[in-house]
Each structure stands twice: as C-alpha cells, then as structure tokens.
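Written below as structure tokens is the structure these notes are about.
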Amino acid sequence: MPNLSHRTYQKELLDRDDIPFADIKRNMQELDFINRTLGGHNITLQGLKRLLRKYQCKEPINIVEIGCGGGDNLRVVKKWLQKNKIPAQLTGVDINKECIAFAQSQESNSGIKFIESDYRIATFDTKPHIIFSSLFCHHFTDNELQEMMQWLKQNSSIGFFINDLHRHLLAYCSIKFLTRLFSKSYLVKNDAPLSVQRAFRKKDWQTIVETTNGTNFKIQWRWAFRWLITYTHEPATTI
C-alpha cells in the first residue's frame, strides 16, 4: 500500500511524449467515462456557475481550459451554455499533440478551438474571462502550481477554477480496483491510481493558496474525492 501522507512526484505515463495515438484515444475515452460516471463533469459545471453568478455578460463569455485533453470538459460546458442560451467562445489548450489531434477529430467538439501549446506560452485573441482546469494540477509540483496560480490570476478577467483529486486511501483503492476490473487502457490502469498519489489534501491547497497571496479563494471538497478551488477577481464587475 502506498504512503499517502505526502504527494508523490512519480511521472504518469501520459506525461511522456512517445505514447501512440491509438493509446491516447482509448485513454481519453475512458477518462470521459470516468468523469461522467463519478461526477467530475458536474464539479466543472459547479465551478463555472459560481464564477458566472455575479456577472451580467454583455458579450460572449470567453472560457479557456488548460490541460484540456480530449475536450470532454469543454463539451459539457458547451452543452450547458447552449441550454442556458449563453453565447460563448471556448478554447482548449494542451501540450500533448496527440490529445489535441483527438479533440479536433471529435465531431461533438465542433465550435471549440483547440491549441497545441504549453499553457504558459499560449496566446489568445482576447483575454479570457474564465480559465479552468480539471485533473491537470496534480501533474505539477507545488512550486509549479504556485507559478500556475499567478498565471491564472494574471490571464483571467473574472477568475478561475480548478477541479482536481483528493489524495485519500479509499479513493486510491477504489480507482485501482475499478480500473483493473473495467479498463482496457494500460494508461488508465497505471495513471489513475498514480494520479491519486499525486493529488491533494486540503492542507496542500491551503499552503499553495497562501503562498500566492491567497485572497478571494474558496477550497471545497466534492464527491467523489475531488477538490473544487475557485478564485474571483474583486470587485465583481459587469463585462
């Protein structure tokens, strides 16, 4: 049984740059299923709604996801915005060219722009109103996350939110059992339990937030074993 008292920085297979496209595709499909089944997409929508709550938009809302993978989060966001008749410009950024290729190949991603880039050097036509990430932050060290927080604050006009994993023994055992039982992807079988080992407890987020001038942050636990971190620029303004 792994020691979960501290985050591990062991790299996931998906962080490599030599994974074949077919394997990436299977991984993205299974991650989408996991997000839908275990409520990950609902947490993303909770973060979005929270940031939109105080704002009356007079123009299409500009939303960017960093570490977008196959675009499944943005598809859910697009569907919700369309249902609520909120015009939007959606953009996904990912450094992995195979993930971007897969995202662009999905007909259901039509209308979403995808950029192959390190998020830190990505360029946008206009400053995003909202930036978010899902299951992305655990790929980074605490020091790298502090830098990411500053980037997110500087590059968003409304704010940002983060949807990521809770480092917990039950979460580790559950995902290890479920992926062994149901997954056909060696990437998912390896990376899903490792993601929990790389994930966070509340004190981890509190330290990261405090070292990035942590005001206007909310840290909330969500089922199943997730953290929702939201940040809003103050004061709230009409855009």
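The values are calculated or read from the model by the stated rules, or taken from the named source; none is laboratory data. As the structure is a computational prediction, the values presented were derived from the model and not from experiment. Positions of Cβ are generated from backbone atoms using ideal geometry, with glycine treated the same way; all protein chains shown enter the neighbour counts. Ligands, DNA and RNA are excluded from the accessible area calculation, which covers all protein heavy atoms including side chains. Shrake-Rupley method; radii C 1.70, N 1.55, O 1.52, S 1.80 Å.
Table for the structure above
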{"quantity": "Net charge over other residues, Cβ less than 13 angstrom from the Cβ of L169 (K, R count +1; D, E count -1)", "calculated": "+3"}
{"quantity": "Contour excess over end-to-end distance, with Cα ends at A224 and L45 and 0.36 nm allotted per residue", "calculated": "63.0 nm"}
{"quantity": "Kirkwood-Stokes translational diffusion coefficient of region 82-123, alpha-carbon pairs, 4 °C, 1.567 mPa s, µm²/s", "calculated": "115"}
{"quantity": "Listed peptides 213-225, 39-51 by packing density, highest first (mean Cβ within 10 Å)", "calculated": "39-51, 213-225"}
{"quantity": "Hydrodynamic radius by Kirkwood, which averages 1/r over all alpha carbon pairs of region 108-184, in angstrom", "calculated": "15.2"}
{"quantity": "Per residue accessible area in Å² of the chain, where ligands, DNA and RNA are left out and the probe is 1.4 Å", "calculated": "50"}
{"quantity": "Region 1-127 - convex hull of the alpha-carbon atoms, volume per residue in Å³", "calculated": "154"}
{"quantity": "Net lengthening on full extension, N213/L169 (0.36 nm per residue, minus Cα-Cα)", "calculated": "12.8 nm"}
{"quantity": "The chain: antiparallel DSSP beta bridges as a percent of all, rounded to 5", "calculated": "40"}
{"quantity": "Net charge of Cβ neighbours under 9 Å - reference R201; Lys, Arg +1; Asp, Glu -1", "calculated": "+3"}
{"quantity": "Sulfur and carbon atoms: percent of accessible area, the chain [1.4 Å]", "calculated": "51"}
{"quantity": "Rounded FRET efficiency, nearest 0.05, which uses the C-beta distance separating D23 from R120 and R0 of 35 Å", "calculated": "0.85"}
{"quantity": "Over the chain, relative contact order from alpha-carbon pairs under 8 Å, at least 6 apart, %", "calculated": "26"}
{"quantity": "Residue with peak Gaussian network fluctuation, the chain [Cα springs, cutoff 10 Å], from K202, K83, K176", "calculated": "K83"}
